[in-house]
Ligand SMILES: N[C@@H](CCC(=O)N[C@@H](CS)C(=O)NCC(=O)O)C(=O)O
């Protein structure tokens, strides 16, 4: 059975999974859900993912949600890809950056993105947008510090951490905000965004 992925492709968390599938050469069927497509409250979807969020995958009847759990699950079946290091310390460093992307970098970026593109009933002030941009920048400067010392996010090789952080950087660079000077991020982004597997991601609109 084909791998199924539920979620609109404009979602950063869905994009992580799409990028990995391309890295691994996996074919899949993607079902638009969330954002303008709605469907997150459908009982049939909630039965798969009680959070009513995307992405969710189904692989031969096995259902899984949480984008980083999905990355690890798919990559575990392709050890030859080298996207999850075997070495205990290297693996822990990759996990560190994956967790941090989810709980720190991604949330800071999400807050900035929402203020800019989904402001809700009360538009944020210029000062609030600037504060969100500064806060997000403070997180990206942590990535900058890392990439100034390491060719890839988790170390010497491209890994799942580059996918998760790479999707955040890709979005951040598209936002119309002031950004600090980040030469190490830009040099790394230039390299990872040239990967064949990134090709599809580059064509997805911002929203
Ligand atoms: N930690 C979850 C976060 C999932 C999440 O917040 N997904 C967002 C899209 S990035 C969502 O479902 N938003 C509602 C929508 O798209 O309508 C994961 O990584 O899968």
Residue exposure sequence - 67, 81, 150 - by fewest surrounding Cβ within 10 Å: 150, 81, 67
Fully extended contour minus Cα-Cα distance, from residue 76 to residue 149, at 0.36 nm per residue: 23.5 nm
Radius of gyration, Dmax [the stretch 3-81; alpha carbons; angstrom]: 12.0, 38
Theoretical gain in end-to-end length, residue 122 to residue 99 [0.36 nm per residue, Cα-Cα removed]: 5.1 nm
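Quote to one decimal, in nm, the extra length available between residue 157 and residue 130 on full extension: 0.36 nm per residue of separation minus the C-alpha distance between them. Don't jump to the answer; show the numbers that get you there.
On the way: separation 27, 0.36 × 27 = 9.72 nm, distance 3.47 nm.
Stretched out fully, the residue 157 to residue 130 stretch lengthens by 6.3 nm.
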Once the Cα gyration tensor of the chain is diagonalised, semi-axes √(5λ) in Å: 26, 24, 14
Taking the convex hull of Cα positions in the stretch 88-199, its mean projected area over all directions (nm²): 7.2
Shape call, the stretch 129-168: gyration tensor on alpha carbons, a/c limit 1.5: oblate
GNM top mover of 146, 195, 30 - the chain, alpha-carbon springs below 10 Å: 195
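Throughout, read-outs are computed from the coordinates displayed, never taken from laboratory work. Here the structure is a predicted model, which means the values were calculated and not measured. All Cβ positions, even for glycine, are placed from backbone atoms using ideal geometry, and neighbour counts span all protein chains on display.
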